[in-house]
Each structure stands twice: as structure tokens, then as C-alpha cells.
Amino acid sequence: MSQRTLVLLKPDAVRRGLTGEIISRIERKAGWQITALELRTLDQDTLEQHYGEHKGKPFYEPLVEFMASGPVVAMIVEGERVIEGLRALAGPTDPIAAAPGSIRGDYGVIVRENLIHASDSEESAEREVKIFFPGRA
Ligand code: RTP
Ligand code: MG
């Protein structure tokens with residue numbers, strides 16, 4: 001089933017020079033394609049829309065501050081089962097619980113600074129594509 005998903009390489013990935021490495025992993029997956037890609041610094045309004053489900057949680061404010069702390073790479077990735085596939089490639093939210101071989105497992109330590117976001121369902125993907133690439137909705 002061909003799908004599309006919204007991926008963000010978070011400010012820690014950009015600062016640490018890991019975007020090429022992470023993009024390579026995505027590109028190497030057979031049948032997946034990056035169909036939009038942009039480096040941009042996120043404003044408060046965009047972040048509030050994107051992470052609205054977490055508003056009121058203790059980690060929300062530091063999360064938004066972190067996500068606005070430098071540019072991110074926003075991408076649309078399309079292909080077979082790409083939503084589940086990118087979540088698997090990223091690994092669980094807590095990098096210490098993420099297996100080596102996953103992006104978070106290989107490069108992360110801190111829960112907040114976990115390098116990558118990928119949409120968690122078809123509904124989230126469509127909602128998030130609209131936020132980041134309104135022309136592609
Ligand atoms: P994401 O939305 O960024 O793809 O990550 P996720 O689904 O794996 O995790 P989620 O529960 O949606 O949390 C969103 C992001 O908030 C930060 N976070 N910090 N306890 C904490 O300090 C905490 N919990 C979550 C992470 O950056 C997480 O990816
Ligand atoms: Mg999430």
C-alpha cells in the first residue's frame with residue numbers, strides 16, 4: 001500500500017551534521033522516494049499546530065523551545081508502508097530504549113533530542129503534510 005509521511009530531521013540532527021546520514025538511510029530503502037525537502041526554522045504557530053496533541057504535558061514547553069532552536073529538515077517521503085517503515089527506522093521515542101541500527105538507537109541519548117519525527121498514522125500524515133507543505137495537501 002503506497003503511502004506518504006511527514007518527516008522532520010530535528011534541530012539536533014542538523015546541528016550535529018547528521019542529516020546526510022539519515023537521508024541516506026531513507027533513500028536506500030527500495031521503493032521509497034523523497035518528494036519534498038526543505039530546510040527551515042519553525043515558528044511557534046507551526047509548532048503549536050504540529051505538537052498540539054501534547055499541549056499541557058510537562059515536556060511540551062521544552063519540546064517547542066528545542067524544536068525552534070535551529071533549522072529542521074522537513075520532508076515528504078512516499079512509498080510502500082512508509083508510515084510504519086519510518087517509525088521503525090527511527091526507533092522508539094526514548095533513544096536509550098531504541099535498538100542499535102535504528103536512527104535514535106544509533107545517535108540519540110536524550111528523550112527530547114531524538115533526531116527525527118515521523119508521522120504515526122495516515123491521519124497524522126495528512127494533517128502534518130498540510131501544516132508543512134500546504135501546496136501538497
Ligand atoms: P515525534 O512525535 O517527534 O515523532 O516522536 P514520538 O511520536 O516518538 O513521541 P511523542 O510521544 O509524540 O513525543 C513527541 C516528542 O516530544 C519529546 N518528548 N520528550 N518525557 C520527555 O521529556 C519527552 N517525551 C517526549 C520527544 O522529542 C518526542 O519525539
Ligand atoms: Mg509523535
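The values are calculated or read from the model by the stated rules, or taken from the named source; none is laboratory data. Everything numeric in this text was worked out from a predicted model, so none of it was measured. Here the Cβ is made from the backbone with ideal geometry for all residues, glycine too, and neighbour counts use every protein chain on show. Note: accessible area is taken over every heavy atom of the protein model, side chains too, but ligands, DNA and RNA are not part of it. Shrake-Rupley method; radii C 1.70, N 1.55, O 1.52, S 1.80 Å.
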key: Long-range Cα-Cα pairs in the chain (distance over 28 Å), rounded percent   = 9 percent
task = From the C-alpha gyration tensor of region 66-137, pull out the three semi-axes of the equivalent ellipsoid (sqrt of 5λ each), sorted largest to smallest, in whole Å.
result = 22, 16, 9
request  = Show me 74-80, 13-19 ranked by packing, highest mean number of other Cβ atoms within 10 Å first.
outcome  = 74-80, 13-19
message = Accessible area of the chain with a 1.4 Å probe: how many percent of it is carbon plus sulfur?
response = 51 percent
remark   = Expected unfolding gain across Ala97-Glu65 under the 0.36 nm per residue rule, minus the alpha-carbon gap, is 9.1 nm
key: Selection from Ser69, Ser119, Ile103 lying farthest towards where the dipole of region 2-136 points positive, charges on Cβ   = Ile103
key: Residue-averaged [θ]222 nm for the chain, counting only DSSP H segments that reach four residues, each worth -39500 (n - 2.57)   = -10500 deg cm²/dmol
Accessible area (Å², per residue) of region 52-137, counting only protein heavy atoms and a probe of 1.4 Å = 49 Å²
query = So how strong a dipole does region 2-136 carry about its Cα centre when Lys and Arg Cβ are +1 and Asp and Glu Cβ are -1, to the nearest 20 debye?
reply = 280 debye
